[in-house]
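The structure appears right after this line, and notes come after that.
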Amino acid sequence: MLVVRKFIFNLFYENTYVVWDEDKKECIVVDAGCSNSSEEEKISSYINEHGLSIKYLINTHCHIDHILGNNFIKEKYYPEFLIPERDKELLESADTQGAAFGLHVNTQPEADGFLSEEKNIFVGKSEIKFLFTPGHTPGEFCLYFNKEKFCLTGDVLFKNSIGRTDLWNADYDTLINSIKTKLLTLPNETLIYPGHGESSRIEIEKMTNPFLLL
């Protein structure tokens, strides 16, 4: 059985997720946003408390609020680090992104590999299906767990909202197409865990999300 633990980190109130298998005690960390020693202690205490081994560190996309903890997780736990290839430029310009918000950001670790819809990885016995969902960024991916019927939607789809399209290389029409073709086609009961805010379900977003009712 998989456990999903959400942490709310940094001044952007970003959701960092630890998804772990209760039997194998292995996990992934998705969008590590821990930005100071207190936040680092919160996530490391949880990992240590449950005796978890971090198999993968994954960025759904490479905006500043989702990458602030990459160095900490990579240097402390040595997971395989995966990002969207089309967001590589964003990762490499982390200092420039940070400067736009008055933040100092250390050079990011180099990715060990790239996400793709053909890539197959597992947490325990549970397979992760990567869904290419650009629009908020050029390369963003969502992480869908078919057996468990939940999806980590990054900054693509939120409860009653969608990702911003006024940032670097974002595009509104591309984002809406990604949501309608990749996310709204998932089973209605699919639980979504977004990059900010509360969880929801695909069925609820179909019926109530004002951006999808236009």
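From its DSSP helices (H runs of at least four residues, each -39,500 (n - 2.57)), the chain gives a residue-normalised ellipticity at 222 nm of -6000 deg cm²/dmol.
Close amide H partners of HIS196, meaning residues 5 or more places away or on another chain with modelled amide H under 5 Å apart, are ASN15. Sequentially through the stretch 155-165, phi angles give Karplus couplings (6.51, -1.76, 1.60; θ = phi - 60°) of 9, 8, 10, 10, 5, 6, 7, 9, x, 5, 10 Hz, Gly and Pro residues having no value and appearing as x.
Rg and Dmax of the stretch 2-212, based on Cα coordinates, read 15.9, 44 Å.
Sorting 176-189, 46-59, 147-160 by their mean Cβ neighbour count within 10 Å, with the most densely packed peptide first, gives 147-160, 46-59, 176-189. For the stretch 14-122, lysine pairs separated by 8 or more sequence positions, or belonging to different chains, with Cα-Cα distances below 19 Å total 13.
Straight-line reach from LYS206: taking Cα to Cα under 26 Å and skipping same-chain neighbours fewer than 8 places apart, the lysines in range are LYS6, LYS129, LYS147, LYS149, LYS159, LYS180, LYS182.
Any read-out appearing in this document is the output of simple, stated calculations on the displayed coordinates, not a laboratory observation. Just so it is clear, the model here is predicted, and its values are computed rather than measured. Reconstructed Cβ throughout: ideal geometry from the backbone, glycine too, with neighbour counts over all protein chains shown.
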